[in-house]
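Asks: So that we are looking at the same thing, I have put the structure below in structure tokens.
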Amino acid sequence: MEFCWITLSVNDMEESLHFYRDLLDLPISRRFTSHEVVEIVMLGSEDSVKIELICNKNEKKEKRAEGISIGFEVASLADAMSQMKNNGIQITKGPFSPNPKINFCYVNDPDGFEVQLVENS
């Protein structure tokens, strides 16, 4: 058994794509609609775990999962933090360095999902 994707229900697909595609550099793997009101976008390279964004135009989600974060490895935590700040995204926790080989911080995506940015050295 292999982990293949995580699904996030989002309220604004374009805003979420700006975050995941433009800021985190996740490529769009597939994009389609279902029942005319649901848009689905799969993000991630072909052979990797995907993030599935689902936007139902008839439903707005208010509550988000607590205690769950999605982690992304970045080449430079300082550069990633700067890019987030330059795009109006607040660093919500950190940066932390629990040992000399790892640095990370947390931000929230446009729907409030917690995202961890990790630099491994």
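Asks: Which members of the range 20-41 meet the condition of being free of Cβ contacts under 8 Å to residues at least 24 places away in the same chain and outside any loop (DSSP other than H, G, I, E, B)? Explain how you work it out, then say what you get.
Replies: Step one: list which residues in the range 20-41 are free of Cβ contacts under 8 Å to residues at least 24 places away in the same chain, which gives 21-22, 25, 27-38, 40.
Result: Arg21, Asp22, Ile28, Ser29, Arg30, Arg31, Phe32, Thr33, Ser34, Val38, Ile40.
Asks: Out of everything in the range 65-91 that is free of Cβ contacts under 8 Å to residues at least 24 places away in the same chain and either assigned to a loop (DSSP other than H, G, I, E, B) or of a type in the set (Val, Ile, Thr) (or both), what residue ends up being surrounded by the most Cβ atoms within 10 Å (Cβ to Cβ)?
Replies: Here the answer is Ile91.
Asks: Next question, about the same structure. Would a scan of the range 42-64 turn up a residue that is loosely packed, with under 12 Cβ neighbours inside 10 Å, assigned to a strand (DSSP E or B) and not polar (S, T, N, Q)?
Replies: no
Asks: So how many residues does the range 26-41 have that are acidic (Asp, Glu) and either surrounded by 11 or more Cβ atoms within 10 Å (Cβ to Cβ) or outside the structural domain of Trp5 (by TED's automatic domain parsing) (or both)? Give the steps one after another, and end with the answer.
Replies: From the range 26-41, those acidic (Asp, Glu) are 36, 39; that's our starting set.
The next check asks that each one be either surrounded by 11 or more Cβ atoms within 10 Å (Cβ to Cβ) or outside the structural domain of Trp5 (by TED's automatic domain parsing) (or both); those that pass are 39.
Within the range 26-41, residues that are acidic (Asp, Glu) and either surrounded by 11 or more Cβ atoms within 10 Å (Cβ to Cβ) or outside the structural domain of Trp5 (by TED's automatic domain parsing) (or both) number 1.
Asks: Would you tally the residues in the range 34-50 being within 21 Å of Glu15 (Cα to Cα) and out of contact with any Cys (no Cβ under 6 Å at 6 or more places or on another chain)?
Replies: First, the residues of the range 34-50 that are within 21 Å of Glu15 (Cα to Cα): 34, 36-45, 50.
Subsequent filtering for residues that are out of contact with any Cys (no Cβ under 6 Å at 6 or more places or on another chain) retains 34, 36-38, 40-45, 50.
Looking only at that region, the number is 11.
Quick grid of which residues meet (1) assigned by TED's automatic domain parsing to the domain that holds Asp25; (2) out of contact with any helix residue (DSSP H, G or I) (no Cβ under 6 Å at 6 or more places or on another chain); (3) at positive phi:
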| position | (1), (2), (3) |
| --- | --- |
| Ser76 | no, yes, no |
| Ser82 | no, yes, no |
| Gly88 | no, yes, yes |
| Ser97 | no, yes, no |
| Asn108 | no, yes, no |
| Asp111 | no, yes, no |
| Glu119 | no, no, no |
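The values are calculated or read from the model by the stated rules, or taken from the named source; none is laboratory data. These figures come from a predicted structure and were not determined experimentally. Glycine gets a Cβ as well: all are built from the backbone with ideal geometry, and neighbour counts include every protein chain shown.
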